[in-house]
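We did not get these values from a lab; they are worked out from the coordinates using the rules stated. This structure is a prediction, so every number in the text was calculated from the model and none was measured. Cβ placement follows ideal geometry from the backbone for every residue including glycine, while neighbour counts extend to all protein chains displayed.
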Amino acid sequence: MEQQILVGFHAVIARIRQAPDSLKTVYYDLSRRDRRMKEFIEITQQTIGRKVHQADSERLRQLAGHDRHQGVVAFAEPASLARNVAELLDSLGDKNPLLLILDGITDPHNLGACLRVADGAGADAIIVPKDRSAQLNTTVSKVASGAAEIMPFVAVTNLARSMRELQEAGVWLIGTSDDAEKILYEVDLTGPVAIVMGAEGEGMRRLTKETCDELVSIPMFGGVESLNVSVASGVCLYEAVRQRILKAK
């Protein structure tokens, strides 16, 4: 993307913390005088100075394309994060990575929610295919509440090949499938791991599934058959977090 539109407090503050130089212009609602807005104005003016401008609510609505902007809209260049698997692996160094791979997630709301939960769990990156997948846009950024601006997001041409590249680097690929023999809580997630999620209903594509090192299911005890992909991603990522915390004690 040549330019990003960042909407809301979370998205703009996250970009200020991550890559302030990428911000071109920040607009804020001149009629808002609450504490949150005052703190926001203070932070942005201290950080990017002359790029901060007042605007009325109608102007902000036009810029954002909707009314759910919280009085804050910004334009920015894409942040300089990892652009491919090789760069991602290089940036991780000796770190014990926790990654999330999404195959066929086309709903931008689901992608935004996955970004948010991945950031909350301390995941190192999200990897998606360039085709048959939602990509970063204004809707994703809004739902992600700032995570889209700080979470490395790698869109790859060939997902299976990229997964094999991760395997060669020592990352264990744990795929999720309703018909897997093992459940999530029976596998070790304390080492270098990538959780692989498929689209609701369809699941992972055949080659993606075959490339995984191991398949697990999330046990379901109620009447519904499956979880929303962002919820399922959260369950898996936080199980990895739980295991890693216990191992570190």
Using amide H atoms built in the peptide plane, which far-off residues or other-chain residues are under 5 Å from residue 214 H to H?
173, 175
What three numbers, in Å, describe the spread of the alpha carbons of the stretch 128-184 along their principal axes, ordered from the longest?
38, 25, 22
Between the stretch 192-249 and the stretch 57-72, how many Å separate their Cα centres?
36 Å
State, as an integer percentage, the relative contact order of the chain based on alpha-carbon contacts under 8 Å between residues 6 or more apart.
21 percent
Under 30 Å from the Cα of residue 38 - lysines, other chains or at least 8 residues apart:
24, 51, 142
Once you mark the GluC sites (Glu not before Pro) that are in a DSSP loop and have at most 12 other Cβ atoms within 10 Å, what is the longest gap between them in the chain?
3-180
Between the alpha-carbon centers of the stretch 144-162 and the stretch 86-141, tell me the distance in whole angstrom.
4 Å
Through the Karplus equation 6.51 cos²θ - 1.76 cosθ + 1.60, θ set to phi - 60°, convert the phi angles of the stretch 51-59 into ³J(HN,Hα) values in whole Hz; use x for Gly and Pro.
7, 9, 9, 7, 7, 8, 4, 5, 4
Using alpha carbons only: equivalent-ellipsoid semi-axes of the chain, gyration tensor based, whole Å:
35, 19, 17
Among the aspartates and glutamates, which fall within straight-line cross-link reach of residue 182, defined as a Cα-Cα distance under 12 Å, with same-chain neighbours fewer than 8 residues apart omitted?
214
Under-5 Å amide H pairs with residue 199, H placed in peptide plane, nonlocal only
103, 204
For the stretch 1-141, alpha-carbon Rg relative to the globular expectation (2.2 N^0.38 Å, N residues)
1.14
Under a cut-off of 16 Å between alpha-carbon atoms, report the aspartates and glutamates in cross-link reach of residue 209, not counting same-chain residues fewer than 8 places apart.
103, 165, 178, 179, 181, 200
